[in-house]
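The values are calculated or read from the model by the stated rules, or taken from the named source; none is laboratory data. A quick note: this is a predicted structure, and the numbers were derived from the prediction, not measured. Here the Cβ is made from the backbone with ideal geometry for all residues, glycine too, and neighbour counts use every protein chain on show.
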Amino acid sequence: MNTAQLKQEIIEYSKKIGIDKIGFTTADPFIEMKNRLIRQQELQYQSGFEEKDIEKRVNPALLLDEPRSIIAIALAYPSKMTNRTISKKGERRGIFCRASWGIDYHHILRDRLHLLEEFIKEKVPHAKCKSMVDTGELVDRAVAERAGIGWSGKNCSIITPEFGSYVYLGEMITTIPFEPDTPMEDRCGTCNKCVDACPTGALVQGGQLDSNRCIAFLTQTKGFLPDEFREKLGNRIYGCDSCQTACPVNKGMDFHFHEEMEPDPEIVKPLLRSLLQISNREFKEKFGPLSGSWRGKKPIQRNAIIALTHFKDETAVDELIQVMNSDSRPVIRGTAAWALGKIGGEAANLALEKAQQVEKDEEVLNEIDKGLSFFCKDEVGQ
């Protein structure tokens, strides 16, 4: 088997099926990444969404028998909407991060990897392959970095010269011994703009992320959002792009290569009030195709309530009162109570006082007390 020729044929085929960048590396363990993951674990910086077994995250031999190489792929996604919607008074909107625009990228990359695997099996029937995207065991970033897709930026994303960090990553472990590509040198230099731009200080330093403080992670949690992060949320309802938009390499980067990645503005920038009492069925029909829907509607609704306080949207008060009084979920009732206090007004104050008399859940009562305390502060300030 002429692996050099096969590699070139794979590269050419990858372009035909919509893979924007491809790289090859060995199947050796990722020793440096292992040390970093151990350190992250010691510092308790993990999100909890990761594969628990660090060895599986760094050792391809635990995932496929006799692996010889890994193929890394990248697909560029849009950073701008072609048709924008405007958030205005009475019609305030939230925002999904760019990586959640269009069809769930897991499906898109799995499709490309499946086609690539079929092509390889056609050429080398006895070859074994194992593909994964994001939720797989290996650390996508480590694979992409070593395969020459891009360098690992201080924002903890792979940054490519061609597409910036607006790329989805996937990889395929194979039993074919391809010649590895050369890793790319770090080009961040002394630039620290992403670290400085992080709203919560989650980027502890260049290349080190405390996931528990990262808004992208926090928007996916299901409990009460800690107080210190609520006003940092802005109008984000899923994910965060601050460290990407601050990156100078990303300036002007906007690619519309894949139709299935194109965002529907009404979906990725939805009216916040429309989310307050959306049914499960409506949520699945409207937001189900997005990767940002994977945790269900509860985190999105909670974030939408917090986003309404960002705008001090008085037009939402009546609906927030209804949510506080009738929603079955303590997190949603409590967050609505807190929001009513932040937005303010006589109706909100009266509703909170009434709710305080009938609410039984201790956590919700705590949020009602917070809401009422904002009125006390306003009276002191007058």
Among the strands (runs of 3 or more DSSP E) contained in the range 108-212, which hold 3 or more residues that are touching a strand residue (DSSP E or B) at 6+ places or on another chain (Cβ under 6 Å)?
129-132, 167-174
Based on this model, can you work out whether Thr160 counts as within 19 Å of the chain's Cα centre (by Cα), over 27 Å from Leu275 (Cα atoms), in contact (Cβ under 8 Å) with a residue 40 or more places away in the chain and surrounded by 21 or more Cβ atoms within 10 Å (Cβ to Cβ)?
yes
Extreme residue, surrounded by the most Cβ atoms within 10 Å (Cβ to Cβ), among residues of the range 244-288 that are within 19 Å of the chain's Cα centre (by Cα) and β-branched (Val, Ile, Thr)
Val268
Among Ile215, Ile173, which is under 30 Å from Asn2 (Cβ atoms) and among the aliphatic types (A, V, I, L, M)?
Ile173
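When the range 257-292 is examined, which residues are found to be in a helix (DSSP H, G or I) and free of Cβ contacts under 8 Å to residues at least 12 places away in the same chain? Even if it seems obvious, please write down each step before you answer.
As a first pass, look at the range 257-292 and keep what is in a helix (DSSP H, G or I): 259-261, 265-268, 273-275, 280-287, 291-292.
Within the range 257-292, Glu259, Ser274, Arg281, Glu282, Lys284, Glu285 qualify.
For the range 316-340, what are the residues that are surrounded by fewer than 16 Cβ atoms within 10 Å (Cβ to Cβ) and over 27 Å from the mean Cα position of the chain (by Cα)?
Those that are surrounded by fewer than 16 Cβ atoms within 10 Å (Cβ to Cβ) and over 27 Å from the mean Cα position of the chain (by Cα): Asp318, Gln322, Asn325, Ser326, Ser328.
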Of all residues being without any contact (Cβ under 8 Å) to a residue 60 or more places away in the chain and part of a helix (DSSP H, G or I) in the range 294-315, which is farthest from the chain's Cα centre (by Cα)? Just the residue, please.
Glu314
Within the range 70-94, how many residues turn out to be more than 22 Å from His310 (Cβ to Cβ) and modelled with pLDDT under 95?
2
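For the range 5-35, how many residues are part of a helix (DSSP H, G or I) and either among the aliphatic types (A, V, I, L, M) or surrounded by fewer than 16 Cβ atoms within 10 Å (Cβ to Cβ) (or both)?
Just the residues of the range 5-35 that are part of a helix (DSSP H, G or I), to begin with: 5-16, 31-35.
Checking the rest, the ones that are also either among the aliphatic types (A, V, I, L, M) or surrounded by fewer than 16 Cβ atoms within 10 Å (Cβ to Cβ) (or both) come to 5-6, 8-12, 15-16, 31-33, 35.
Number of matching residues: 13.
Quick check on Leu37: is it hydrophobic (A, V, I, L, M, F, W, C) and out of contact with any helix residue (DSSP H, G or I) (no Cβ under 6 Å at 6 or more places or on another chain)? Walk me through how you get there before you give the answer.
Details: hydrophobic (A, V, I, L, M, F, W, C): yes; out of contact with any helix residue (DSSP H, G or I) (no Cβ under 6 Å at 6 or more places or on another chain): no.
In short, no.
Against the definition (among the acidic types (Asp, Glu), in contact (Cβ under 8 Å) with a residue 40 or more places away in the chain and over 25 Å from Leu6 (Cα atoms)), how does Glu137 come out, yes or no?
Working: among the acidic types (Asp, Glu): yes; in contact (Cβ under 8 Å) with a residue 40 or more places away in the chain: yes; over 25 Å from Leu6 (Cα atoms): yes.
It is true that Glu137 is among the acidic types (Asp, Glu), in contact (Cβ under 8 Å) with a residue 40 or more places away in the chain and over 25 Å from Leu6 (Cα atoms).
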Here the qualifying pairs (Cβ atoms under 6 Å; residues six or more apart or on different chains; first in the range 330-353 and in a helix (DSSP H, G or I) and at pLDDT 95 or above; second crowded, with 21+ Cβ neighbours inside 10 Å and among the acidic types (Asp, Glu)) come out as Gly334/Glu367; Ala337/Glu367; Trp338/Glu367
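Scanning for something surrounded by 23 or more Cβ atoms within 10 Å (Cβ to Cβ), closer than 19 Å to Ile215 by Cβ and touching a helix residue (DSSP H, G or I) at 6+ places or on another chain (Cβ under 9 Å), does the range 341-349 turn up at least one residue?
Keep residues of the range 341-349 that are surrounded by 23 or more Cβ atoms within 10 Å (Cβ to Cβ), which gives 341, 348.
So of that shortlist, the ones also closer than 19 Å to Ile215 by Cβ come out as none.
No - not one qualifying residue is present in the range 341-349.
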Could you check the range 111-147 and list, in sequence order, the residues that are buried (at least 19 other Cβ atoms within 10 Å of the Cβ), at pLDDT 95 or above and of a type in the set (Gly, Ala, Ser)?
Ser131, Ala142, Ala144, Ala147
Given the criteria at pLDDT 95 or above and of a type in the set (D, E, K, R), does Lys312 qualify?
yes
Go through Ile108, Ile103, Ile173, Ile158 for me and flag whichever is farther than 22 Å from Asp65 by Cβ, of a type outside the set (S, T, N, Q) and in contact with a Lys or Arg (Cβ under 8 Å, 6 or more places away or on another chain).
Ile158
Residue pairs qualifying under the 7 Å Cβ cut-off, at least six apart or on distinct chains, with the first in the range 217-245 being farther than 21 Å from Leu290 by Cα and the second being polar (S, T, N, Q) and modelled with pLDDT of 95 or more, are Phe224/Thr335; Phe229/Thr200; Lys232/Thr200; Cys243/Asn155
Note on the range 65-95: residues surrounded by fewer than 22 Cβ atoms within 10 Å (Cβ to Cβ) and among the basic types (Lys, Arg) are Arg68, Lys80, Arg84, Lys88, Lys89, Arg92
